[in-house]
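Take a look at the structure set out below.
Values in this text are rule-based calculations from the coordinates and carry no lab data. This one's a predicted model, so the numbers in the text were calculated from it and none came from an experiment. Glycine also receives a Cβ, built like all others from the backbone with ideal geometry; neighbour counts cover every protein chain displayed.
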Protein chains: 4
Amino acid sequence: MNVRSNKREIIFNTALDLIAVHGLHNTPMSLVSSASGVSTGAIYHHFESKEVLINELYLHIKEEIHRAVFTGFDDTDYREGFNTIWSNYFHFLIQHPNVLSFAEQCSTAPIIKNSTRQEAAQFISPLIGFIQKGISEKILMPHDINFILAIINSNVVAMAKLHISHHLTITEEIEAQAIEASWKSLKL
Amino acid sequence: MNVRSNKREIIFNTALDLIAVHGLHNTPMSLVSSASGVSTGAIYHHFESKEVLINELYLHIKEEIHRAVFTGFDDTDYREGFNTIWSNYFHFLIQHPNVLSFAEQCSTAPIIKNSTRQEAAQFISPLIGFIQKGISEKILMPHDINFILAIINSNVVAMAKLHISHHLTITEEIEAQAIEASWKSLKL
Amino acid sequence: MNVRSNKREIIFNTALDLIAVHGLHNTPMSLVSSASGVSTGAIYHHFESKEVLINELYLHIKEEIHRAVFTGFDDTDYREGFNTIWSNYFHFLIQHPNVLSFAEQCSTAPIIKNSTRQEAAQFISPLIGFIQKGISEKILMPHDINFILAIINSNVVAMAKLHISHHLTITEEIEAQAIEASWKSLKL
Amino acid sequence: MNVRSNKREIIFNTALDLIAVHGLHNTPMSLVSSASGVSTGAIYHHFESKEVLINELYLHIKEEIHRAVFTGFDDTDYREGFNTIWSNYFHFLIQHPNVLSFAEQCSTAPIIKNSTRQEAAQFISPLIGFIQKGISEKILMPHDINFILAIINSNVVAMAKLHISHHLTITEEIEAQAIEASWKSLKL
DNA sequence: CATGAATGAGCATTCATTCAT
DNA sequence: GATGAATGAATGCTCATTCAT
């Protein structure tokens, strides 16, 4: 099992990096095989098909992101918690640009099944809890949860893309301004 | 010339719809051909390659979006102008979901060349002018232009995606709240 | 008729040059059209098909070669006549390398019909007459005509190819040696 | 390795025969595939492209020819050696008319790269040695090596083509005359 | 007659997937 | 289990030829 999960991990990492650079459809399985040192046969032993591999990688990454988001999260002060979540999310993305690239490609690709998207949605439940708390405590505007999630997510991702694409280097100062912008959007 | 631009238009529309539904890489030229009633040879008469077709379609669409954004725009009241632009952009996207789908797919796809992206960037110059005016008149926060563009764009697109995906139906009331959210992010 | 034969000539010359450089099968009719300034429709008005065009060009060129071969030919001295023919043939080829390139490509290409090859064979009848005279006058060895033709032709073409390919620059002196070599092969 | 070279050999033989009959450009890879029983994918597994396949086949054949030329070659008597080489070359060609057809098509085709032609040129080094020996021993005329090679090669090929095309059946007697003709061209 | 846009069969090549070893 | 050669359907693209204008 150790070997097996190792291989899964190797395949995941290789596929992620290749897809981030070459794109979802310019990354043949044979390339994943040669770059990872895992034979195509072995890849197909671990993943039924390319579609399955990519869907599972998508899930894997979504989980990783949401785990990172709550690192060091402290429930005491709401605004502080908001800052932590925003910042964690942002830094994870800029430290893992290949993850962002992969996730963005998947966001519209028909290869990701609806059931996968639904499954991935479960990872945001802690975030939903946090938002609901903000609403019920009259800290956040009483918008629909999806509305609030969309604003936060789109702002973080937009800033991460600006930073990674070098269109705007997000210093600590600018990051603080961006968090403030998101906050002003949503606070009551 | 009439016939020519007609064919281009037909190919553009067909490709747009097919790609929106099937994806950039699940839309073979033969499908564009059969669905449009234009032979593959004729498509290649108008567009050097699939890559060229998609790059030109991307440019075409970016122009269309930015033309739509300034429809009925009035310079008198700044906030009113902001509302108009936001709303125009949003309504164009939800009325043309295939455009949004296509544009989103292109946003990360390596098939779009950097030179195309740069060429497309020129279309936002009126928007940049509007933002600069807001900053110089002490109406908007003095953020980097790219920062402000990113916030506005990401918010509009996020709301349009919520609406189109039926995760949240954006009524006039919610639209007003979303505009307000973007505005609060950016106003001084 | 003048206009017509003009166009034929233009098409012939263009096709010859293009085929010499790009090869028989890398020379699309559209290229012949654009390079010659004659529309594809007009080309097809003059030549039923690409095959017909090439077959007629082949015939045209074979005739041209054989006309050149007897320029300044004088029946008085047999050896002198042999020299003239050999030299004429050789100089025509090195002065028209595109003709040689085209002819060589056609020599093995299935696009040239047998009937065309037979028709082209008629042009060598003066040469056959000259050879038969040499045999009957006990100047040449009494070989089969095809044998003698093959030796002369292959030697001239081989020397022309050496010269054009720059593998050996055929000076007047070397040319004289080559003629001598052919002559020694065949003389009684 | 055995399987591998087997497949290469099968592909080579099939391609050679098909190209000899249909021509270099009327032999689609799909035909090579169906005629050889090797799937297109497998052909592309062994040869990067059609161009590579043809270039490698060209090299393969040139080597085969030059190996055949020195079969039974004996250094003792120079004239005897000349006869052997000439005859070996000639008989190899008439026994392998497809090789001749293929080689002739390649001789002018742009698909054969210059680097391939240069690589193929190395095979004639034993022949060059033989010719140089003839010159230094005052048996052959002191012509340029390329001159002598061209005469011999062009004569052998011309005779082989006469024979194969049935324009002249080369009996043993005629072959002896042809060798004699070449010899008289070149001997001192 | 001339034009050149349009046609569509045909080709080289790719790549997800299988399966004999 | 693991391997990677083999499969072959599918794709982007070409080009000889036609025909409406």
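Observations, loosely collected:
- Residue within region B:128-147 that is in contact with a His (Cβ under 8 Å, 6 or more places away or on another chain) and not aliphatic (A, V, I, L, M) present: yes
- Of B:Ile170, B:Ile124, all but one fail to be under 21 Å from B:Asp77 (Cα atoms) and of a type outside the set (Asp, Glu); the exception is B:Ile124.
- Candidates C:Val52, C:Val38, C:Val32 - the one that is out of contact with any helix residue (DSSP H, G or I) (no Cβ under 9 Å at 6 or more places or on another chain), within 25 Å of D:Pro110 (Cβ to Cβ) and either more than 14 Å from every other protein chain (Cβ to nearest Cβ) or more than 16 Å from DNA strand E (Cβ to nearest atom) (or both): C:Val52
- Just one of the listed residues (C:Thr108, C:Thr116) is within 14 Å of another protein chain (Cβ to nearest Cβ) and surrounded by 15 or more Cβ atoms within 10 Å (Cβ to Cβ), and it is C:Thr108.
- Just one of the listed residues (A:Ile164, A:Ile170) is within 9 Å of chain B (Cβ to nearest Cβ) and not polar (S, T, N, Q), namely A:Ile170.
- Criterion: within 22 Å of A:Leu188 (Cα to Cα) and among the aliphatic types (A, V, I, L, M) - qualifying residue of B:Ile131, B:Ile135, B:Ile174, B:Ile164: B:Ile174
- Test: residue in region A:33-45 that is away from DNA strand F (no atom under 12 Å from the Cβ) and of a type in the set (A, V, I, L, M): yes
- Residue within region D:135-155 that is in contact (Cβ under 8 Å) with a residue 12 or more places away in the chain and of a type in the set (Gly, Ala, Ser) present: no
- For region C:155-174, filtered to residues that are buried (at least 19 other Cβ atoms within 10 Å of the Cβ) and of a type outside the set (A, V, I, L, M), the residue that is farthest from D:His143 (Cα to Cα) is C:Lys161.
- Residue within region C:142-153 that is of a type in the set (A, V, I, L, M) and more than 10 Å from chain D (Cβ to nearest Cβ) present: no
- Those residues of region D:33-70 which are more than 19 Å from D:Ser101 (Cα to Cα) and within 14 Å of the chain's Cα centre (by Cα), in sequence order: D:Phe70
- Set D:Ile131, D:Ile135, D:Ile152: member being touching a strand residue (DSSP E or B) at 6+ places or on another chain (Cβ under 8 Å) and either part of a helix (DSSP H, G or I) or surrounded by 22 or more Cβ atoms within 10 Å (Cβ to Cβ) (or both): D:Ile131
- Selection within region D:155-188 - over 19 Å from D:Thr84 (Cβ atoms) and small (Gly, Ala, Ser): D:Ala158, D:Ser165
- In region B:8-21 there is no residue that is within 14 Å of chain A (Cβ to nearest Cβ), over 30 Å from B:Ile131 (Cβ atoms) and of a type in the set (Lys, Arg).
- Listed by first and then second residue, the pairs linking a residue in region B:12-32 that is farther than 16 Å from A:Leu24 by Cβ and outside any loop (DSSP other than H, G, I, E, B) to a residue that is within 15 Å of DNA strand E (Cβ to nearest atom) and of a type outside the set (A, V, I, L, M), with Cβ atoms under 6 Å apart and 6 or more places separating them unless they lie on different chains, are B:Thr14/B:Ser36; B:Met29/B:Thr40; B:Met29/B:Lys50; B:Val32/B:Thr14.
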